[in-house]
1. Would you check if residue 52 is buried (at least 19 other Cβ atoms within 10 Å of the Cβ), touching a Phe, Trp or Tyr at 6+ places or on another chain (Cβ under 8 Å) and over 18 Å from residue 152 (Cβ atoms)?
2. Where the second residue is polar (S, T, N, Q) and the first is part of a loop (DSSP other than H, G, I, E, B) and lies in segment 135-152, which pairs have Cβ atoms under 8 Å and are six or more apart or on separate chains?
3. Here is a list: 116, 56, 87. Which entry is touching a residue at least 40 places away in the same chain (Cβ under 8 Å), farther than 18 Å from residue 234 by Cα and part of a helix (DSSP H, G or I)?
4. Condition check: out of contact with any Lys or Arg (no Cβ under 6 Å at 6 or more places or on another chain), in contact (Cβ under 8 Å) with a residue 40 or more places away in the chain and on the phi > 0 side of the Ramachandran plot. Does residue 79 satisfy that?
5. All but one of (1) crowded, with 22+ Cβ neighbours inside 10 Å; (2) more than 15 Å from residue 161 (Cβ to Cβ) hold for residue 89; which doesn't?
6. Can you report the number of residues in segment 34-71 which are of a type in the set (A, V, I, L, M) and under 30 Å from residue 144 (Cα atoms)?
7. Among the numbered conditions (1) touching a helix residue (DSSP H, G or I) at 6+ places or on another chain (Cβ under 8 Å); (2) of a type outside the set (Gly, Ala, Ser); (3) surrounded by 13 or more Cβ atoms within 10 Å (Cβ to Cβ), tell me where residue 234 comes up short.
8. From the list 129, 108, exactly one residue is part of a helix (DSSP H, G or I) and in contact (Cβ under 8 Å) with a residue 12 or more places away in the chain. Which is it?
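Values in this text are rule-based calculations from the coordinates and carry no lab data. Remember, it's a predicted structure, so these values are computed and weren't measured experimentally. For neighbour counting, all protein chains shown are included, and Cβ atoms are generated from backbone atoms with ideal geometry for every residue, glycine included.
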Amino acid sequence: MKSKGLTARSKFIGQIMLGFLIGLFIYCDPHISKNIDVPFFKNAAVNLGIFYILFTTVVVVGASNAVNLTDGLDGLAVGCTVIVALTYTALSYITGNAKISEYLNIAFIPGAGELTVFCAAILGAGLGFLWFNSFPATVFMGDTGSLALGGAIGIVAIFIKKELLLLIVGGIFVFEALSVILQVASFKLLKKRIFLMAPIHHHFQMKGWSETKVVIRFWIIGIILALFSLSTLKLR
């Protein structure tokens, strides 16, 4: 009997459980804020109360699967992950530094600076992996890597209260996941396809773009989104 690993359902249940437990931990800890910071708005925060547990579950599951869907071309997923990890390395340090966070008028979270090391570890490991995963790849990520990395990024965003900003920082991941959702919904409801193929990176391949061109251009967009995300610290 050969094992083919966990089923898709098992993976999904595991992601939900992880997100739920993290949300429950934060909700039960009186020292951790349950507010969600809103980018671009000064002193704007939303308190979800008990629904914060549901919110963290959605963030973890969404981030995990979005990175997984992006993992379809050599170097694409890990390259975008490196960009996001670098951004959250900076955000973690800023959030955990009392003087800088006060200057930028963002919430100071004691201990958040420790996540700087964690994000930097993802960054370094990602660069090392990219050396072998770049086109033509000799090492592949698979679900084991992509689901874990996406979940890790989502968890960091939750702990430093930059969950909504992840929609911008990880815009490529969001775009990839959204393309799949739209494609499936359109085909089931209208029997028509919006894209030539989903996720969206395969659509551009079908249009004649080479694999390396798709990957590099997505990296460029990812870098632009990361820089824009950092600018939101002052654009408020």
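1. Here the answer is yes, as residue 52 does meet what is asked.
2. 135/212; 139/133; 140/133; 141/133
3. 56
4. no
5. So the condition that residue 89 fails would be (1).
6. Selection size over segment 34-71: 11.
7. It fails just one condition, (3).
8. 129
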